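Read the structure below first, then the notes.
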Amino acid sequence: MNINRPGGNVTGVVFFNDELGTKRLELLRKLVPKAETIGVLVNPTNPGTRAEQRDVEEAAHAIGQQLMVFNADRDIETAFATLAQRGAGALLVGSGSFLFSKREQIVALAARHSLPASYPQRDYVAGGGLMSYGASIADAYRQAGIYVGRILNGEKPGELPVVQSTKFEFTINLKTVKTLGLEISPQLLATAEEVIE
């Protein structure tokens with residue numbers, strides 16, 4: 001399918017959360033620079049997981065960062081216990097609807113194990129998670145609404161290019177920063193689009 005002219009009755013908005021793992025790893029390392037090993041929690045049944053995992057592994061290899069990858073299609077509590085037992089200093093949570101549906105449990109387990117974690121969406125941080133970097137869901141919905149209006153006004157969906165996310169949000173929860181005993185540089189804090197206190 002050509003995303004510039006998808007044809008038929010197809011168009012839409014692409015969020016690109018799968019492709020942002022490298023940036024999230026970079027931001028997590030800035031906040032937790034002493035983490036020798038970073039755990040990566042992924043759902044192997046999510047179509048974008050393989051590419052996301054590969055990008056994160058390549059980025060980690062390039063900077064000498066050690067990773068431990070865990071599949072979340074099994075028991076999430078066991079994955080966290082193993083991460084803690086093996087000495088993970090931080091956690092990168094992968095994208096996808098399954099992990100998003102388990103966000104409350106994941107955030108609670110990260111807190112229980114005092115594990116600084118980076119998430120793909122703001123909702124995790126609003127629920128007590130440490131930080132997130134991802135496509136702006138509100139902006140994507142706004143784009144989808146514009147397309148609905150254009151289609152209702154007679155444009156053919158197949159002639160509208162698939163819109164790609166252009167707005168990304170970096171969110172930090174300062175209460176969680178303090179709870180974990182982390183120090184955040186003013187420069188990193190200044191790059192956040194939203195700070196939750």
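Can you tell which of I172, I137, I146 is β-branched (V, I, T) and farther than 30 Å from R29 by Cα?
Residue meeting the stated conditions: I146.
The rows are residues; the columns are (1) loosely packed, with under 13 Cβ neighbours inside 10 Å; (2) farther than 20 Å from S132 by Cα; (3) small (G, A, S).
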{"residue": "R54", "(1), (2), (3)": "yes, no, no"}
{"residue": "F70", "(1), (2), (3)": "no, no, no"}
{"residue": "R74", "(1), (2), (3)": "yes, yes, no"}
{"residue": "A79", "(1), (2), (3)": "no, yes, yes"}
{"residue": "T82", "(1), (2), (3)": "no, yes, no"}
{"residue": "S97", "(1), (2), (3)": "yes, no, yes"}
{"residue": "A110", "(1), (2), (3)": "no, no, yes"}
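Pick from region 119-133 the residues that are surrounded by fewer than 24 Cβ atoms within 10 Å (Cβ to Cβ) and among the small types (G, A, S): which of them is nearest to S101 (Cα to Cα)?
G127
Going by what's in this entry, would V195 be described as farther than 20 Å from A84 by Cβ, in contact with a strand residue (DSSP E or B) (Cβ under 9 Å, 6 or more places away or on another chain), at pLDDT 90 or above and buried (at least 17 other Cβ atoms within 10 Å of the Cβ)?
no
For the condition out of contact with any Pro (no Cβ under 8 Å at 6 or more places or on another chain), more than 19 Å from D123 (Cα to Cα), of a type in the set (V, I, T) and surrounded by 14 or more Cβ atoms within 10 Å (Cβ to Cβ), what is the one hit in I146, I151, I184?
I184
The values are calculated or read from the model by the stated rules, or taken from the named source; none is laboratory data. These numbers come from a predicted model, not from an experiment. Cβ atoms come from the backbone with ideal geometry, glycine included; neighbour counts cover every protein chain shown.
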